[in-house]
1. Looking only at the stretch 2-11, which residues are in contact (Cβ under 8 Å) with a residue 60 or more places away in the chain and open to solvent by 10 Å² or more (accessible area, probe 1.4 Å)?
2. Just to confirm my filter: which strands (runs of 3 or more DSSP E) fall fully inside the stretch 139-241 and include at least 2 residues that are more than 16 Å from the ligand (Cβ to nearest atom) and open to solvent by 40 Å² or more (accessible area, probe 1.4 Å)?
3. For the stretch 21-45, which residues satisfy the criterion of being open to solvent by 20 Å² or more (accessible area, probe 1.4 Å), part of a strand (DSSP E or B) and not aliphatic (A, V, I, L, M)?
4. Do you know which residues across the stretch 47-68 are part of a helix (DSSP H, G or I) and free of Cβ contacts under 8 Å to residues at least 40 places away in the same chain?
5. Within the stretch 129-138, track down each residue that is within 16 Å of the ligand (Cβ to nearest atom) and open to solvent by less than 30 Å² (accessible area, probe 1.4 Å).
6. For residue 48, state whether it is over 22 Å from the mean Cα position of the chain (by Cα) and either modelled with pLDDT under 95 or open to solvent by 20 Å² or more (accessible area, probe 1.4 Å) (or both).
7. For the stretch 242-255, give me each residue that is among the hydrophobic types (A, V, I, L, M, F, W, C) and part of a loop (DSSP other than H, G, I, E, B).
8. Determine if the stretch 69-88 includes at least one residue that is assigned to a helix (DSSP H, G or I), in contact with a helix residue (DSSP H, G or I) (Cβ under 9 Å, 6 or more places away or on another chain), open to solvent by less than 80 Å² (accessible area, probe 1.4 Å) and among the charged types (D, E, K, R).
Amino acid sequence: MMHKEHNIISVSGGKDSTALLLLAVEREAENLQAVFADTGNEHDLTYEYVRYLEEATRVPIRWVRADFAGRIAGKKEYVLAKWAGKGVPQADIDRAAAALVPTGNPFLDLCIWKGRFPSTMAAFCSAELKRDPIVKQVQTPILAAGDDVRSWQGVRRDESLKRRFLLELEQVIVKHPGELWNYRPILDWTAEDAFAMHRKHGIKHNPLYEMGMGRVGCMPCINCRKDELLEISRRFPEAIDRIREWEAAVASASKRQAATFFAMANNGDSVTPARAMAISNIDAVVEWSLTSRGGKQFDLVRAMDDGLLCSSIYGLCE
Ligand code: SF4
């Protein structure tokens, strides 16, 4: 029996996934379904843009969100049952247990559960907030019902070494009756090709590109460049205010009582968690973003200087 094929496009609000959606429309891909994984850390302009895209292309875009309520409850139980045995003072146990409460915001809840923010070295955010909800909520039911999924991924070879050697079409082994195929039709496109696709279809691009953002996604992304962070702090100070509140919430839920959005200091015994938090919290990093290359620098967050690309090969984050 022939399996029915479903073409699933992950839309992020960025130029590549928009170009991908337009390509799928152009090719009249059958059973086309667009999906937007809402991290809870997007700019309002991106939310507006995704709604605009749905209206302009007439392709329904399904929104999915990760839910960490169960895992936060499990962590709270663990903290109450085990931390005392590990020598954690009762006051710290009480503080963490009181902070282990889901907020309904996927990004914040992920960090409350983990007791830390993701980092360039431990970029669990893309998988937890984007890949897994799409796999679980959208792809798995189709595959389990015996239909096939062609998962379109908006990755380009010129973005990174990791992406350079990807195949255009690749079957993923799954434990379901249906087949899952990764499809990367814009591998050899340039960024300009992606913008040209917008113009060809009379579709606007995300306005954030005209506001100093090199990529569109979380606001800010853990991988954002120094100059992007500076732009964000100038144009969207409310995004910095939000991160400041999140740092306090995640620190309360963590054993170290410290958590910073950008990679925290880890340069020796002399730096206590409190000191590390003081020198690499969001305000300190924004202050650093104001410095020129020759100015005062925070070694601890130097990795941001080059604006590392999300290492995910799925193209879920730009
Ligand atoms: S955009 Fe950045 S912070 Fe957001 S999920 Fe992707 S890698 Fe993580």
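The values are calculated or read from the model by the stated rules, or taken from the named source; none is laboratory data. Nothing here was measured: the structure is a model prediction, and the numbers come from that model. Here Cβ is always computed from backbone atoms with ideal geometry, including for glycine, and neighbour counts include all displayed protein chains. Ligands, DNA and RNA are excluded from the accessible area calculation, which covers all protein heavy atoms including side chains. Shrake-Rupley method; radii C 1.70, N 1.55, O 1.52, S 1.80 Å.
1. Of the residues in the stretch 2-11, the ones in contact (Cβ under 8 Å) with a residue 60 or more places away in the chain are 3-10.
Within the stretch 2-11, 3, 4, 5, 6, 10 meet the criteria.
2. Values: elements: 148-152, 169-172, 180-183.
Qualifying strands (runs of 3 or more DSSP E): 169-172.
3. The one that is open to solvent by 20 Å² or more (accessible area, probe 1.4 Å), part of a strand (DSSP E or B) and not aliphatic (A, V, I, L, M): 33.
4. Of all residues in the stretch 47-68, those part of a helix (DSSP H, G or I) come to 47-57.
47, 48, 50, 51, 54, 55, listed by residue number.
5. Restricting attention to the stretch 129-138, the residues satisfying the condition of being within 16 Å of the ligand (Cβ to nearest atom) are 129-135.
Within the stretch 129-138, 129, 130, 133, 134 meet the criteria.
6. Working: over 22 Å from the mean Cα position of the chain (by Cα): no; either modelled with pLDDT under 95 or open to solvent by 20 Å² or more (accessible area, probe 1.4 Å) (or both): yes.
Criteria not met by residue 48.
7. The first filter runs over the stretch 242-255 and keeps only residues among the hydrophobic types (A, V, I, L, M, F, W, C), leaving 243, 246, 248-251, 253.
None - no residue of the stretch 242-255 is among the hydrophobic types (A, V, I, L, M, F, W, C) and part of a loop (DSSP other than H, G, I, E, B), so the list stays empty.
8. Within the stretch 69-88, the subset assigned to a helix (DSSP H, G or I) is 69-82, 84-86.
Applying the additional criterion that residues be in contact with a helix residue (DSSP H, G or I) (Cβ under 9 Å, 6 or more places away or on another chain) yields 69, 71-72, 74-76, 79-80, 84.
This time we only want the ones that are open to solvent by less than 80 Å² (accessible area, probe 1.4 Å), so: 69, 72, 74-76, 79, 84.
Imposing the further condition that a residue be among the charged types (D, E, K, R) reduces the set to 75-76.
Yes, the stretch 69-88 contains a residue that is assigned to a helix (DSSP H, G or I), in contact with a helix residue (DSSP H, G or I) (Cβ under 9 Å, 6 or more places away or on another chain), open to solvent by less than 80 Å² (accessible area, probe 1.4 Å) and among the charged types (D, E, K, R).
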